[in-house]
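Asker: Attaching a single structure in structure tokens format; questions to follow.
Any read-out appearing in this document is the output of simple, stated calculations on the displayed coordinates, not a laboratory observation. These numbers come from a predicted model, not from an experiment. As a convention, Cβ positions derive from the backbone with ideal geometry for all residues, glycine included, and neighbour counts pool all protein chains shown.
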Amino acid sequence: MKYVKEPTYKRFITGELKSFDDRNTAFSRGAVEGNKYTVMHNQCIKNVEVASPGKTILDHATWVAGATVDYVVRRNLLGRETKPIYNTKYRLKDPDPVAMTRIIKEKALWIGADKVGVAKLNPLWIYSHWGNQNVRYSGAAEVGDPIEIPPEFDKVIVMIHKMGYEVIQRSPGIEYDTDIAYSKGTWCASSLATFIAELGYKAIPSVNELGINIAMAMDAGLGEMGRSGQLITGDYGPRVRISKVFTNLPLISDSPIDIGVQKFCEKCSLCAEYCPSRAIIPGDRTDKAWNEHNVPGMLKWPIRAMNCLDWWVKNGNHCSICIRVCPWNKPNNLLHKVVRNFAENNILTNLIVSIDQFLGYGKQVIKKNHLQDLSAIRL
């Protein structure tokens, strides 16, 4: 891992970048074009009757249980400024940015984050307007409302929440770690925001609301964006979810990192090869946008976002195949740390990818650990 002056995406900027409109995400457009997210959940219930491996009533109940905290906290606390619960009279005097950065990271890890970084907030990464999906789940605004983060919120604290290696192997069966990771994200963001508010400073907690998580995570030195359009981290690969807190608390920004993802993804296209919806493109980067779901002006592998969501609807639950097959998605043990060192330095990349396939990494695995009959009957 190398610390660098600028995030690796900077070298790929070819034109003017503009803030993205949250109304143009696949989730928001899908709400307008057939209420697709609801249709997906309805299909999930239909799958229960068939009880195919990975899509039983037990699997369904597990993901909903994992999402419970996410639903409740997001609806009440995210996407809006956190108010102090008790302390409305005092403010921490003269916080030292170096000391406070250390303290904030300690508290974030104590609350439950797996990794945490700090970045100067780039206004480009803030959505221009509220979209359907985030309005539906947060209730913090109306669809189409402009999003304006006051200039005093000049720092963003970004947290990483890992998902389990074995659970991700279940995809495209139900892999419920996405849901529990979002619940952890809402818990961590809202709790850290409360900590800051009780110090007498301002904080806005967020998971998917308000802005582009991956860009902020790269700015905060937590990873790089790969071919699949997801954040790839050194320890967990793309097997993560992201939360964030905007704040005016004086903090020191972390340095961006280069872990070799750009050159690695140029040689590896397993995510594109195995993507059932063909949402991920093989070949070279482009700075053109497919449609309103992408922003032009940066060389990358733009995602065909609606292809992805349409497959989710057909599947009856979200899909993590691209995460499952990524060679960076490995347990964080000694063997894989050694191999990861080769990957970070772009040594023997093609051989790493070939061995990864030969050894069967990335295959779907659904373990049967229950003696219970998992068939379902109607109420």
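Asker: Run through every distinct alpha carbon pair of the stretch 225-327 and return the Kirkwood hydrodynamic radius in angstroms, one decimal place.
Answerer: 15.2
Asker: Could you work out the percent of alpha carbon pairs in the stretch 124-217 separated by over 18 Å, rounded to a whole number?
Answerer: 56
Asker: Kindly flag which residue pairs out of 5/107; 263/337; 330/363 have an alpha-carbon separation exceeding 23 Å in this structure.
Answerer: 5/107
Asker: Where is the GNM fluctuation largest for the chain (alpha-carbon springs, 10 angstrom cutoff): 280, 366, 355?
Answerer: Fluctuation is largest for 355.
Asker: Can I ask one more? Relative to the Cα centre, what is the charge dipole magnitude of the chain, using +1 at the beta carbon of each Lys and Arg, -1 at the beta carbon of each Asp and Glu, and rounding to the nearest 20 debye?
Answerer: Result for the chain is approximately 480 debye, rounded to the nearest 20.
Asker: Quick one: if the Förster radius is 45 Å, what FRET efficiency do residue 39 and residue 351 give, using the C-beta to C-beta distance and rounding to 0.05?
Answerer: Efficiency, from the Cβ-Cβ distance: 0.55.
Asker: Could I ask something else about it? Restricting to DSSP H runs of at least four residues, report the calculated mean residue ellipticity at 222 nm for the chain, -39500 (n - 2.57) per run over all residues, nearest 500 deg cm²/dmol.
Answerer: Mean residue ellipticity at 222 nm (helix-derived): -11500 deg cm²/dmol.
Asker: Can you tell me the mean projection area, over all orientations, of the convex hull of the chain's alpha carbons? Units nm², please.
Answerer: If I average the Cα hull's projected area over directions, I get 19.8 nm².
Asker: Determine the relative contact order of the chain: mean sequence separation of Cα pairs under 8 Å and six or more apart, normalised by residue count, in whole percent.
Answerer: Contact order relative to length: 25 percent.
Asker: Could you pull the Cα extents of the stretch 302-379 along its three principal axes, largest to smallest, in whole Å?
Answerer: Taking max minus min along each principal axis of the Cα atoms, the stretch 302-379 gives 57, 38, 20 Å.
Asker: Given a 10 angstrom Cα cut-off, can you work out which residue in 118, 64, 98 is the most mobile in a GNM of the chain?
Answerer: Largest GNM mean-square fluctuation: 98.
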